[in-house]
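Report on the structure given below.
The values are calculated or read from the model by the stated rules, or taken from the named source; none is laboratory data. Treat the numbers as computed from the prediction; the structure is a model and nothing was measured. Don't worry about glycine lacking a Cβ; one is built from the backbone with ideal geometry, like all the others, and counts go over all protein chains shown.
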Ligand code: ADP
Ligand code: MG
Ligand code: MG
């Protein structure tokens, strides 16, 4: 496949933003190293600011959005008093991405430079974490979580406000304006056909201005309308927009042409898992690959589930490889967003991969995807799906009967561990399926009528010591010891025993009642 990277045309910038920095805004006063806006500028800035989505908080503007983050940090690097914080932020960011050993090394260095009172680069408002960080840095990978939050809290105050009146934020608004530019098919160069789907074709395409390659999924308007697929199409587009995981295909643009609706997606040029399982010589994949793909699918599923999205269509065809060999879940056409705590019903999925509770018309939730993962691991290993032979033709009723009633079989391709995880995921009862239950029942429950310890007679009495004199220092120690209730445990006790509910009453119409007394 061709991957021409054309010389990039200059991106158009509005007004003097495109000029080199030394030619910009002549005569504008300098303040905190940033250019103050003039009235005409103010109007322009106001117009630009209106382009921003309603959420204009620090987190969205300076942490989540990549260009926003970059520009905010560029601004901070121009401020001598903020540079130290930027070094720390940079280190904290790379800390999260390092493999275990290097991470520990960087962790210790972060503690020494920023969280040690004697250090020249110590960050005073983080010193309250000094002790815990020093204690936990060698084993807790989340040791700096609170520090990072605190650092962001600091940056979100004065530094953020200064950023908002700097030329860096002005530049951010210009980028937002470019981002909002109307997209048409002229924006892309089109290459080869990648695949066919239910409503149309998927083509490789390239953004003319940047050279970035994508896959363009085109839905034919005619087909969509004839088969009443509007809700499906919109559902897929909106869910794709919401997800942000390196293990799920991302949506980069959506636009329309006269005859199609287009979704421009992460380019996955390594083919799908179905092809890799069946068309690469021997059937099935080796264990290392099965393990790796299962783990990455697991990460993708977890991300979807955190957003309460049930994917519902897990199968080898829908798992795509990129050119580095990593996978992403694709085709969110059947995915559904659950409302908090709710289950759905619906005979949805692909024949042969649907979970028993889907087939039998029960209400279900995210559990169906763990069944799907079971099918996927099984098929990657065996080179056939769990409930039918590779080329076997089975009618729907028969296949559904097997899924709901029959036990799948495991041949010599499965070692104990793979068999174990498949069996646990392919549990027909969603309540017992791996991944689905929160708290599990213990395998042994003590009988409340039985006493599980040696006879009282068999336990030696504790000997008392004579002649020890207690001093004031001892009293001090006792005082430190007898602190009474431990807040979390005590409050849990109040709730668990029902005391809270019973005593926590107010007068009619939410009026005061006498204070609680013990
Ligand atoms: P449908 O929802 O109609 O099944 P899909 O999203 O599964 O459509 O896409 C159809 C086919 O197009 C896939 O089987 C795959 O071969 C190809 N395809 C889809 N998305 C991509 C992508 N992001 N990168 C590369 N190929 C893709
Ligand atoms: Mg598909
Ligand atoms: Mg689909």
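Looking at 186, 176, 181, just one residue is more than 27 Å from the chain's Cα centre (by Cα) and closer than 30 Å to residue 42 by Cβ, and that residue is 181.
Given the criterion surrounded by fewer than 21 Cβ atoms within 10 Å (Cβ to Cβ) and near ligand 1 (Cβ under 10 Å from one of its atoms), identify the matching residue among 224, 243, 202. Reasoning before the result, please.
Working: 224 fails: near ligand 1 (Cβ under 10 Å from one of its atoms); 243 fails: near ligand 1 (Cβ under 10 Å from one of its atoms).
The unique qualifying residue is 202.
Taking residue 361, is it in contact (Cβ under 8 Å) with a residue 12 or more places away in the chain, within 30 Å of residue 339 (Cβ to Cβ) and buried (at least 16 other Cβ atoms within 10 Å of the Cβ)?
Details: in contact (Cβ under 8 Å) with a residue 12 or more places away in the chain: yes; within 30 Å of residue 339 (Cβ to Cβ): yes; buried (at least 16 other Cβ atoms within 10 Å of the Cβ): no.
So residue 361 fails the test.
With respect to residue 197, determine if the residue is away from ligand 2 (no atom under 16 Å from the Cβ), touching a residue at least 24 places away in the same chain (Cβ under 8 Å) and surrounded by fewer than 16 Cβ atoms within 10 Å (Cβ to Cβ). No; evaluated as a whole, the condition is false for this residue. Considering only residues in segment 322-336 that are within 16 Å of ligand 3 (Cβ to nearest atom) and in a strand (DSSP E or B), the one that is farthest from residue 359 (Cα to Cα) turns out to be 328. Among the residues of segment 233-268, those identified as within 16 Å of ligand 3 (Cβ to nearest atom), in contact with a helix residue (DSSP H, G or I) (Cβ under 8 Å, 6 or more places away or on another chain) and not in a loop (DSSP other than H, G, I, E, B) are 233, 248, 251, 254, 260, 261, 262, 263, 265.
Looking at 172, 154, which is the one that is touching a helix residue (DSSP H, G or I) at 6+ places or on another chain (Cβ under 9 Å) and at pLDDT 95 or above?
Numbers: 172 fails: at pLDDT 95 or above.
Checking each option against the conditions leaves just 154.
Is at least one residue of segment 247-254 more than 15 Å from ligand 2 (Cβ to nearest atom) and out of contact with any strand residue (DSSP E or B) (no Cβ under 9 Å at 6 or more places or on another chain)? No, segment 247-254 contains no residue that is more than 15 Å from ligand 2 (Cβ to nearest atom) and out of contact with any strand residue (DSSP E or B) (no Cβ under 9 Å at 6 or more places or on another chain).
Matching residues to (1) within 10 Å of ligand 1 (Cβ to nearest atom); (2) on the phi > 0 side of the Ramachandran plot; (3) surrounded by fewer than 22 Cβ atoms within 10 Å (Cβ to Cβ); (4) at pLDDT 95 or above:
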{"residue": "311", "(1), (2), (3), (4)": "no, no, no, yes"}
{"residue": "317", "(1), (2), (3), (4)": "yes, no, yes, no"}
{"residue": "320", "(1), (2), (3), (4)": "yes, no, no, yes"}
{"residue": "334", "(1), (2), (3), (4)": "yes, no, yes, no"}
{"residue": "346", "(1), (2), (3), (4)": "no, yes, yes, no"}
{"residue": "350", "(1), (2), (3), (4)": "yes, no, yes, no"}
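Considering only residues in segment 286-321 that are in a strand (DSSP E or B) and within 16 Å of ligand 2 (Cβ to nearest atom), the one that is nearest to residue 348 (Cα to Cα) turns out to be 319. Within segment 141-155, is even one residue more than 27 Å from the chain's Cα centre (by Cα), crowded, with 16+ Cβ neighbours inside 10 Å and closer than 22 Å to residue 62 by Cβ? Taking every residue of segment 141-155 in turn, none turns out to be more than 27 Å from the chain's Cα centre (by Cα), crowded, with 16+ Cβ neighbours inside 10 Å and closer than 22 Å to residue 62 by Cβ.
So which residues in segment 369-406 are surrounded by fewer than 18 Cβ atoms within 10 Å (Cβ to Cβ), part of a loop (DSSP other than H, G, I, E, B) and in contact with a helix residue (DSSP H, G or I) (Cβ under 9 Å, 6 or more places away or on another chain)? Give the derivation first.
Initially, segment 369-406 is screened for residues surrounded by fewer than 18 Cβ atoms within 10 Å (Cβ to Cβ), giving 383, 388-398, 401-402, 404-406.
Still in the running and part of a loop (DSSP other than H, G, I, E, B): 383, 388-395, 406.
Scanning segment 369-406 gives 383, 388, 390, 394.
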